[in-house]
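First the structure, in the form of structure tokens, and then the observations on it.
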Amino acid sequence: MSEMAEAIRELIEEKGFSEESVKQTVESALKAAYKKTFGTADNCVVKFADDLSDVSVYSRKVIVDGVYDPVTEIELEDALKMSEECEEGDEIDILVDPKSFERSAVSTGKQAAHQGLSESFKDNLYNEYKDKIGEVIIGYYQREYRGNIYVDLGKVEGVLPLRYQSPREEYRKNDRIKAVIVDAKKTSSGLQLVLSRTDPKFVQSIVELEVPEIEDKTIEIFKIVREAGYRTKIAVLSNKPEVDPVGACVGPKGVRIQNVIRELEGEKIDVLRYDPDPVVFIKNALAPAEVVKVYITDEEKKQALAVVTDTQFSLAIGKQGMNVRLANKLCDWSIDVKTEEQAAEMDLSSFATRKAAEQLFSGGEAEEEQSVEQEISAISELPGIDSDVAQAVKNAGYDDIQDFVDAYDSGTMKVEGVTQEQLDEVSRILQEFVEFVDEEVEEQENDEGEEEYQCPACGAKITLDMSKCPECGVELEFKYGNS
């Protein structure tokens, strides 16, 4: 068995198989040959030397007094010749010479070994590459068949299907091909990697190589959408306010983005800033077109209307609707683009950029003329207010709008977990959406020149000694004159 041991070492050292996989393969081959010779392999035992210098095959037999099956049993008398300590019922391993196996058994063993090594080879390759799905790999053009390009990747073969090829690209023999791995498949000859040059992950991998700020997490790629060969849109954001994510991706004099464009054979690329506000993000996503205004027409269904000038309309739509289609995918909104003239013919009065503002102003002119205090009395009801800030203000006891205004104006407001800038933003929203009406009692003079007062709620005549209006019952508070 020394030749077999040598072959085992060669497979481990030169072919890259693991020691355990080779041992299992050899064991399976020997057991297959044993079974072919003796009809069963249940009692076959294969033992390897620690240094793999030897491989032995044993037949494990039960010691009996009167053999019924000579393959699995041995007479006590014969067993005692091998070991004086054995007794009936024990098991004993008897060395078997593989040379005694039938010729057909040897052939069966070789076939099993070949199949086992082949499967082991495929498993090793698959385990090596399965975690590389999504990574970029470089190979060389080998051949083309039915539009599919086969790529030499060294240990494995790659295939670049026609549907994953950019319409801009053509390849010749031995051309260098860079692509992203999208799948790994076992084949009869080994492993085949499915490659793609149209997947957005391919663009992302190239950008990550060009922009070191992405690797150190200063900049993040929010999303990439693509019409391979025509246009790609990349939304990026910065984790540091002082770093411009778009500028970092474009690079000095556009060097970084030009390298990406060159790899994509001249495909147009729009790098834009991601914004959590859908209005701002939609504006950015329609680049290179300049958008005049964005209306959220249905927030629940994620539908929006973008208004552009006549000169920007074709740019916003793009060739065959490509630009707006990519913007839809990037923002995950359905965007309708109109010119200013077209928008003027539409009723846009009920559209608002925020859901809460829409609820506030969609009730018609009669409702708009009503006192805002009757519609909104708490900070948490304001449109566009940050929910966390609103909750903190409420916990601090300033949810009532008047209480908030008094504390804010006096400079005594302190809300845990809320910055002064956030309080200033709440005050700004108040000024934008809330109209403060002076409800103090109106003072008039009658025909005789005597002072006369009216109830601020119903307009009934009242006097200074009244604490409640006799008509509507509202409580009265006099801030002028005698109180």
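Overview of results
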{"item": "Among residues of region 296-321, those that are within 28 Å of the chain's Cα centre (by Cα) and within 16 Å of W333 (Cα to Cα), counted", "result": "14"}
{"item": "Lone qualifier among D438, D424, D447 - being at pLDDT 75 or above and out of contact with any Leu (no Cβ under 8 Å at 6 or more places or on another chain)", "result": "D424"}
{"item": "Members of region 278-329 that are in a strand (DSSP E or B) and touching a residue at least 12 places away in the same chain (Cβ under 8 Å)", "result": "K293, V294, Y295, I296, T297, Q303, A304, L305, A306, V307, V308"}
{"item": "Residue list for region 290-307, restricted to those being under 20 Å from V225 (Cβ atoms) and open to solvent by less than 70 Å² (accessible area, probe 1.4 Å)", "result": "V291, V294, A304, A306"}
{"item": "Options V418, V405; residue that is outside any loop (DSSP other than H, G, I, E, B), β-branched (V, I, T) and modelled with pLDDT of 80 or more", "result": "V405"}
{"item": "Filter result (surrounded by 15 or more Cβ atoms within 10 Å (Cβ to Cβ) and under 11 Å from A285 (Cα atoms)) within region 308-350", "result": "A316, N323, V324, R325, L326, A327, N328, K329, L330, C331, W333, I335"}
{"item": "Output for region 36-66, where each listed residue is free of Cβ contacts under 8 Å to residues at least 12 places away in the same chain and open to solvent by 60 Å² or more (accessible area, probe 1.4 Å)", "result": "K47, D50, D51"}
{"item": "Residue in region 201-223 that is over 18 Å from A179 (Cα atoms), in contact with a Lys or Arg (Cβ under 8 Å, 6 or more places away or on another chain), open to solvent by less than 40 Å² (accessible area, probe 1.4 Å) and in a helix (DSSP H, G or I) present", "result": "no"}
{"item": "Residue match in region 146-168 (condition: open to solvent by 90 Å² or more (accessible area, probe 1.4 Å), part of a strand (DSSP E or B), at pLDDT 90 or above and out of contact with any Lys or Arg (no Cβ under 9 Å at 6 or more places or on another chain))", "result": "no"}
{"item": "The lone exception for A287 - which of (1) under 17 Å from S334 (Cα atoms); (2) open to solvent by 40 Å² or more (accessible area, probe 1.4 Å) it fails", "result": "(2)"}
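The values are calculated or read from the model by the stated rules, or taken from the named source; none is laboratory data. The structure presented is a predicted model; accordingly, all values stated were derived computationally and were not measured. As a convention, Cβ positions derive from the backbone with ideal geometry for all residues, glycine included, and neighbour counts pool all protein chains shown. Ligands, DNA and RNA are stripped out before the accessible areas are found, and what is left, the full protein with its side chains, is counted by its heavy atoms. Shrake-Rupley method; radii C 1.70, N 1.55, O 1.52, S 1.80 Å.
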